[in-house]
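Chemist: This is the structure I have questions about; it appears just below.
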Amino acid sequence: EKYPYRGEEAEAFRKAIDYAGRPVVLSLSLNMKLENKDHVKSISNVWRISKDFWDEWEPLSHQFELLEKWTPSREPGNWPDADMLQLGWISRRGPEGHERESRFTEDEQYTHFTLWCMAQSPLMMGGDMPDNSRFVENLLTNEEVIYVNQKARNARQLLRDNGKVIWISEDPASAARYVAFFNLNDLPANIRLELSALGLRGKCSIRNLWQKKDLDPVKGTFTTS
């Protein structure tokens, strides 16, 4: 096997951390298999769920499937890791292609960062931070979006239908629900959400976290393009 699970070595790290007597996050790599989920949860906090992730649409689309599969293992203290954020200037010293600005379009960068935040993957920046564009800087510093990554609970995929995907999570400090709408197809599409699926009744206030803007209240259903 190209990427064997070295459980005994990982246990040695866990024992060393416990012996140190202070909090340390243990992050394991590479390409974890679901068959090892119980053991990896028992000894680590973060673990990679894929091979190296780069700035291409197909791997990004695949991360939706992997993050959904690992949902039962996602909880405080245990975080499936979709790998680094491929934003800004990347591959400055290799190893994947020439130095470049991320090949993701702006829409794809929103998709990339939003999925990582909704699925509560660790936010480890793979690009060269001093050379961030204003667009990338704004992506990385939206405190309302990052709150979802850091504080939400029960993150999960609610819907996947013909390339239309909805992820949801909850704010443990309030009655708020977080919703992310994704369109994995090549053409625009409307996505409809029954608010009852979130346990919500009556008129609901809506806020666009990326725009930091309140929208008109809705009742029953919410549809977005």
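Chemist: Looking at (1) open to solvent by 70 Å² or more (accessible area, probe 1.4 Å); (2) within 22 Å of Ser169 (Cβ to Cβ), which is the one condition that is false for Thr71?
Modeler: (1)
Chemist: Since Ser169 meets every condition but one in (1) closer than 16 Å to Thr111 by Cα; (2) touching a Phe, Trp or Tyr at 6+ places or on another chain (Cβ under 8 Å), which condition does it not meet?
Modeler: Status for Ser169: all satisfied but (1).
Chemist: Give me the pairs: first residue in the range 191-220 and basic (Lys, Arg), second residue assigned to a loop (DSSP other than H, G, I, E, B), beta-carbon distance under 7 Å, and six or more apart or on different chains, which are they?
Modeler: Final answer for the pair search is Lys219/Gly202.
Chemist: Go through the range 184-198 and give me each residue that's assigned to a strand (DSSP E or B), open to solvent by 50 Å² or more (accessible area, probe 1.4 Å) and within 25 Å of Thr105 (Cα to Cα).
Modeler: Arg192, the sole residue that qualifies.
Chemist: Still on this structure: Take the residues in the range 17-39 that are of a type in the set (A, V, I, L, M) and either in contact (Cβ under 8 Å) with a residue 60 or more places away in the chain or within 13 Å of Leu66 (Cα to Cα) (or both), then tell me which one is surrounded by the fewest Cβ atoms within 10 Å (Cβ to Cβ).
Modeler: The extreme case among them is Leu34.
Chemist: When the residues of the range 55-82 are narrowed to those that are outside any helix (DSSP H, G or I) and in contact with a Leu (Cβ under 9 Å, 6 or more places away or on another chain), which ends up farthest from Pro4 (Cα to Cα)?
Modeler: That would be Asp55.
Chemist: On the basis of being closer than 19 Å to Gln63 by Cα and not in a strand (DSSP E or B), does Val179 make the cut? Steps first, answer last, please.
Modeler: Working: closer than 19 Å to Gln63 by Cα: yes; not in a strand (DSSP E or B): no.
Here the answer is no, as Val179 does not meet what is asked.
Chemist: Could you tell me whether the range 75-91 includes any residue that is hydroxyl-bearing (Ser, Thr, Tyr) and closer than 25 Å to Ile168 by Cβ?
Modeler: Checked against the condition, which is being hydroxyl-bearing (Ser, Thr, Tyr) and closer than 25 Å to Ile168 by Cβ, the range 75-91 yields no hits at all.
Chemist: Return the residues of the range 145-164 that are among the charged types (D, E, K, R) and either more than 19 Å from Ser174 (Cβ to Cβ) or over 15 Å from the mean Cα position of the chain (by Cα) (or both); say none if nothing qualifies.
Modeler: Arg160, Asp161, Lys164
Chemist: Moving to a separate point now. Looking at the range 37-51, is at least one residue over 27 Å from Glu96 (Cα atoms) and over 25 Å from the mean Cα position of the chain (by Cα)?
Modeler: no
Chemist: If I ask for residues that are under 30 Å from Pro72 (Cβ atoms), open to solvent by 40 Å² or more (accessible area, probe 1.4 Å) and out of contact with any Ser or Thr (no Cβ under 9 Å at 6 or more places or on another chain), which ones from the range 125-154 would you list? Before the answer, list the steps.
Modeler: If we filter the range 125-154 for residues that are under 30 Å from Pro72 (Cβ atoms), which is where we start, we get 125-126, 139-140, 142-154.
Checking which are open to solvent by 40 Å² or more (accessible area, probe 1.4 Å) leaves us with 125, 143-144, 146-147, 150-151, 153-154.
Matches in the range 125-154: Met125, Glu143, Glu144, Ile146, Tyr147, Gln150, Lys151.
Chemist: Another question, then. Does Ile43 qualify as being under 25 Å from Thr71 (Cβ atoms), surrounded by 12 or more Cβ atoms within 10 Å (Cβ to Cβ) and of a type in the set (Val, Ile, Thr)?
Modeler: Yes: the conditions hold for Ile43.
Chemist: I've got another one for you. Going residue by residue through the range 199-212, is there one that turns out to be among the hydroxyl-bearing types (Ser, Thr, Tyr) and open to solvent by 80 Å² or more (accessible area, probe 1.4 Å)? Quick ask: steps written out before the conclusion?
Modeler: Step one: filter the range 199-212 for residues among the hydroxyl-bearing types (Ser, Thr, Tyr), giving 205.
After this cut, where a residue has to be open to solvent by 80 Å² or more (accessible area, probe 1.4 Å) as well, the list is 205.
Looking through the range 199-212, at least one residue is among the hydroxyl-bearing types (Ser, Thr, Tyr) and open to solvent by 80 Å² or more (accessible area, probe 1.4 Å).
Chemist: Restricting to the range 110-124, and then to whatever is assigned to a helix (DSSP H, G or I) and of a type in the set (A, V, I, L, M, F, W, C), can you tell me which residue is farthest from Arg74 (Cα to Cα)?
Modeler: Phe113
Chemist: Here's a check for you: in the range 83-102, which residue that is hydrophobic (A, V, I, L, M, F, W, C) and part of a loop (DSSP other than H, G, I, E, B) is most open to solvent (accessible area, probe 1.4 Å)?
Modeler: Met84
Chemist: Does the range 103-113 include one or more residues that are farther than 30 Å from Arg177 by Cβ and open to solvent by 10 Å² or more (accessible area, probe 1.4 Å)?
Modeler: Taking the range 103-113 and keeping what is farther than 30 Å from Arg177 by Cβ, we get 103.
In the following step, the residues that additionally are open to solvent by 10 Å² or more (accessible area, probe 1.4 Å) were identified as 103.
Yes, there is a match, as at least one residue in the range 103-113 is farther than 30 Å from Arg177 by Cβ and open to solvent by 10 Å² or more (accessible area, probe 1.4 Å).
The values are calculated or read from the model by the stated rules, or taken from the named source; none is laboratory data. Because the structure is predicted, anything quoted here is derived from the model rather than measured. For neighbour counting, all protein chains shown are included, and Cβ atoms are generated from backbone atoms with ideal geometry for every residue, glycine included. Each accessible area value is taken on the protein alone, full model and side chains, heavy atoms only, with ligands, DNA and RNA left out. Shrake-Rupley method; radii C 1.70, N 1.55, O 1.52, S 1.80 Å.
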